[in-house]
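Read through the structure below, which is laid out as structure tokens, and then see the notes.
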Amino acid sequence: MEKYREQARNILAANDRGHYTIPTSGLYPFQWNWDSAFAALGFSHVDLDRALVELETLMANQWPDGMVPHIIFHEHDEGYFPNADVWLTLRPTPTSGITQPAVAGFALWQIVQRAAGQPNLLDRCKALIEPIHRWHQWFYRIRGDQDGLVAIVHPWESGRDNSIDWDEAFERVPTEGVSEFKRRDTSHANPEHRPTDEQYKRYIWLVEQFRGLDWDNAAIAQQSKFQVVDPGFNAILIRACTDLAQCAESLGMEPIAQESRALAELGINGLDKLWADELDQYLCLDRLTGDLVMSESVGGLLPVFVGIDTEKAERIAERIQRLKREANYLVPSHSLADSRSEELRYWRAPIWLIVNYMIARGLREHGFSEQAEEIDNDSLTLIKESGFAEYYSPIDATPCGGDTFTWTAAIVLELLAHR
Ligand code: GLC
């Protein structure tokens with residue numbers, strides 16, 4: 001195990017750019033939002049100061065309205081598309097204009113606990129609470145509905161870029177009228193493992209729609225041609241609110257603790273609306289049509305990461321057991337029984353260690369430690385067999401996408417720390 005710990009540490013060090021960490025060189029040369037929160041979690045096993053720097057850099061790029069952008073373009077790099085010149089958000093340090101899953105609050109609570117007894121570090125943790133809380137409030141204010149559920153306005157926001165969950169809603173986003181562009185991702189990674197050209201046109205169509213609205217978030221939330229409520233995205237946000245409340249309480253910020261707990265409660269109640277009894281999991285909701293989306297993805301399992309009732313958590317545990325009959329490794333990002341799934345294509349079936357980690361952690365907290373252990377073991381088997389890849393085939397562990405990947409390394413450090 002020491003060998004893997006060493007390899008994971010080396011990957012974090014190699015991707016470390018001093019005040020932020022890139023996901024992997026070449027394919028992703030900037031700071032990504034939820035990648036950074038997982039990087040902080042990984043660094044917390046190596047160097048707590050460095051873990052905090054990661055979150056501090058992320059939050060220093062928060063927008064005035066509270067949003068925290070999904071990419072921060074610290075340096076110019078022509079090797080990535082769409083880069084800062086496409087987004088044109090006019091931020092002091094250029095950023096994209098959409099957000100990503102709110103993992104930072106979860107990471108901060110892990111750091112606070114590990115920094116016990118170190119007043120300098122705890123003061124820095126304390127300084128992060130208010131900005132992260134403003135981000136959470138932004139979600140419920142700008143993207144929330146009367147049920148306490150928040151929507152994403154671009155598939156990239158979910159972090160599960162080309163999930164089958166978005167196919168139907170994405171059909172309504174035009175492919176015509178997009179400025180000409182040249183993809184860069186396919187020169188760094190196998191095009192067969194990446195989203196399609198048609199999907200890229202739609203991704204960029206939305207970026208151009210939002211740019212045309214001058215990055216006014218209230219207008220974007222109203223007018224985006226893509227508006228989907230993702231149970232996984234909501235669960236991560238709910239978890240972050242619960243954990244931020246714990247940070248605030250333990251560091252003497254009671255008013256934020258209360259507000260944050262109230263947001264989490266609102267979110268948990270909202271999730272009920274997305275439960276699909278016949279499938280033993282949650283589903284996405286298309287906000288523009290009001291319909292649930294029949295698509296059995298890992299987004300619908302992630303709510304086990306929050307305080308849903310035990311019966312539903314148990315049903316999710318059973319659902320995961322059934323997935324093991326379709327796949328050799330857990331947890332495929334989409335049911336392989338679905339004819340639209342693709343073994344090696346990004347979020348359409350492959351396994352991602354960060355998702356495995358959140359599901360396993362949730363299962364354990366709900367009392368299903370055996371199932372959690374099985375997932376953790378599969379995660380470690382994947383890196384032993386195939387290295388620290390971006391994602392893996394659920395059938396034969398083929399490593400896919402980029403390699404020496406930051407969040408894969410971070411999760412390995414986290415898993416090994418508990419062994
Ligand atoms: C891809 C993933 C996204 C991640 C980014 C950087 O776009 O889908 O979740 O944040 O790469 O690793």
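Screening segment 388-419 for residues that are assigned to a loop (DSSP other than H, G, I, E, B) and within 16 Å of the ligand (Cβ to nearest atom) and picking the one that is surrounded by the fewest Cβ atoms within 10 Å (Cβ to Cβ) gives D403. The residue that is farthest from the ligand (Cβ to nearest atom), counting only those in segment 345-370 that are farther than 17 Å from G401 by Cβ and hydrophobic (A, V, I, L, M, F, W, C), is F368.
Scanning segment 8-60 for residues that are open to solvent by 10 Å² or more (accessible area, probe 1.4 Å), away from the ligand (no atom under 11 Å from the Cβ) and in contact with a Phe, Trp or Tyr (Cβ under 7 Å, 6 or more places away or on another chain) gives I11, R50, T57.
Apart from one condition, D161 fits all of (1) within 16 Å of the ligand (Cβ to nearest atom); (2) surrounded by 21 or more Cβ atoms within 10 Å (Cβ to Cβ); the exception is (2).
Of the residues making up segment 219-251, those that are touching a residue at least 24 places away in the same chain (Cβ under 8 Å) and farther than 28 Å from L292 by Cα number 7.
Scanning segment 208-218 turns up at least one residue that is in a helix (DSSP H, G or I), without any contact (Cβ under 8 Å) to a residue 24 or more places away in the chain and either touching a strand residue (DSSP E or B) at 6+ places or on another chain (Cβ under 7 Å) or among the small types (G, A, S) (or both). Residue check: I383 meets all listed conditions (1) in a helix (DSSP H, G or I); (2) over 25 Å from A189 (Cβ atoms) but one, namely (2). Whether a residue is open to solvent by less than 70 Å² (accessible area, probe 1.4 Å) and not in a helix (DSSP H, G or I) was assessed, and A107 does not pass this test. Consider segment 66-85 and keep the residues that are away from the ligand (no atom under 15 Å from the Cβ) and crowded, with 17+ Cβ neighbours inside 10 Å. The one that is nearest to F233 (Cα to Cα) is M67. Scanning segment 247-258 for residues that are surrounded by fewer than 17 Cβ atoms within 10 Å (Cβ to Cβ) and either in contact with a Gly (Cβ under 6 Å, 6 or more places away or on another chain) or part of a helix (DSSP H, G or I) (or both) yields E249, S250, E254, P255, Q258.
Within segment 115-127, one or more residues are in a loop (DSSP other than H, G, I, E, B), surrounded by fewer than 18 Cβ atoms within 10 Å (Cβ to Cβ) and of a type in the set (A, V, I, L, M). Against the definition (part of a helix (DSSP H, G or I) and either open to solvent by less than 40 Å² (accessible area, probe 1.4 Å) or within 16 Å of the ligand (Cβ to nearest atom) (or both)), how does A317 come out, yes or no? Yes; evaluated as a whole, the condition is true for this residue. The selection criterion, being within 16 Å of the ligand (Cβ to nearest atom), open to solvent by less than 10 Å² (accessible area, probe 1.4 Å) and farther than 27 Å from E130 by Cβ, does not hold for T95.
You will find that of E342, E373, E326, the residue that is surrounded by fewer than 22 Cβ atoms within 10 Å (Cβ to Cβ), more than 20 Å from the chain's Cα centre (by Cα) and within 16 Å of the ligand (Cβ to nearest atom) is E342 and no other.
The values are calculated or read from the model by the stated rules, or taken from the named source; none is laboratory data. Since the structure is predicted, the reported quantities are computational estimates derived from the model, not experimental observations. In this analysis, Cβ positions are derived from the backbone assuming ideal geometry, glycine residues included, and neighbour counts consider all displayed protein chains. Protein only, heavy atoms only, side chains kept; ligands, DNA and RNA dropped before computing areas. Shrake-Rupley method; radii C 1.70, N 1.55, O 1.52, S 1.80 Å.
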